[in-house]
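This report concerns only the one structure given below.
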Ligand SMILES: Nc1nc2c(ncn2[C@@H]2O[C@H](COP(=O)(O)OP(=O)(O)OP(=O)(O)O)[C@@H](O)[C@H]2O)c(=O)[nH]1
Ligand SMILES: [Mg+2]
């Protein structure tokens, strides 16, 4: 393989405003939780993972940016669909977001209940989200469900690692190219 060639995985975060997308994005990027303001349009982050670049797009959840979502999602390898476990409203809006986004049929999708630390304010049960997760996929393919907390770091790495490995699996990409090397056979 050409050493200069780097494969890229595009992961996009979508969901209602205030659901916790930017906090999740920033905890993954920085390794710690910090205050976030509402996102304007989109933000990017690229991280090298093994032989790949994972490009994470943090989109704006405000209605006024909705028109751009189809453009952002068109080339997505993975979509992380976010809601806030303490806000039923953000869960109920998920279908609107998937409809607006024109998500590729073969996308890897992950359903993420953000702010898992706010258990005492919970409005969405994990059991319901897990049961309904596949319904959000454009081809009703499997949608893995996680609850995460950007504040405590709970499951943050797990979500992105799952998305990365699942995309690699779907695309038939092997992490270590040496696996393709011919075996040396001693005769
Ligand atoms: N307790 C707690 N608060 C969180 C967590 N994640 C985000 N928040 C808070 O929830 C609010 C909204 O978070 P954002 O990440 O900015 O939400 P967003 O989905 O990016 O919103 P838009 O950019 O408007 O689409 C902020 O006040 C965050 O500090 C979390 O894991 N736990
Ligand atoms: Mg944001």
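All of the numbers you see were taken from the coordinates with simple rules; none came from a lab. As the structure is a prediction and not an experimental result, all values here were calculated from the model. Here Cβ is always computed from backbone atoms with ideal geometry, including for glycine, and neighbour counts include all displayed protein chains.
At what distance in angstrom do the alpha carbon centres of the stretch 23-39 and the stretch 57-119 lie from each other? Rounded to whole Å, the Cα centres lie 17 Å apart.
Which percentage, to the nearest 5, of the DSSP beta bridges contained in the chain is antiparallel? Around 25 percent antiparallel, to the nearest 5. The DSSP beta bridges internal to the stretch 45-130 are antiparallel in roughly 40% of cases.
For a Förster distance of 41 Å, can you work out the FRET efficiency between the beta-carbons of residue 45 and residue 127, rounded to the nearest 0.05? Write out the running numbers ahead of the final one.
Numbers: r = 32 Å, r/R0 = 0.78.
With a Förster radius of 41 Å, E is 0.80.
Which FRET efficiency value, to the nearest 0.05, is calculated for residue 88 and residue 141 with the Förster distance at 22 angstrom and r the Cβ-Cβ distance? Working shown, then result.
Numbers: r = 25 Å, r/R0 = 1.15.
Step by step, r from the Cβ atoms, then E = 0.30.
At a 10 angstrom cut-off on C-beta neighbours, averaged per residue, how do the peptides 14-25, 128-139, 98-109, 144-155 rank from highest to lowest? Before the final figure, lay out each step's value.
Details: 14-25: 24.3, 128-139: 15.4, 98-109: 17.9, 144-155: 19.4.
Top to bottom by mean Cβ count within 10 Å: 14-25, 144-155, 98-109, 128-139.
So what is the calculated 222 nm ellipticity per residue for the chain, using -39500 (n - 2.57) for each DSSP H run with n of 4 or more, over all residues, to the nearest 500 deg cm²/dmol?
Numbers: 6 runs with 51 residues, N = 187.
The per-residue figure over the chain is -7500 deg cm²/dmol.
Angle of helix 156-171 to the longest C-alpha principal axis of the chain, folded into 0 to 90 degrees and rounded to 10: 50°.
Note down the relative contact order for the chain as a percent, whole number, built from C-alpha pairs under 8 angstrom at least six residues apart. Could the numbers behind the result be given before it?
Details: 348 pairs, mean separation 43.2, N = 187.
Computed value for the chain: 23 percent relative contact order.
Based on the Stokes-Einstein relation at 37 °C and a viscosity of 0.692 mPa s, and on the Kirkwood radius from alpha carbon pairs, the stretch 3-170 is assigned a translational diffusion coefficient of 209 µm²/s.
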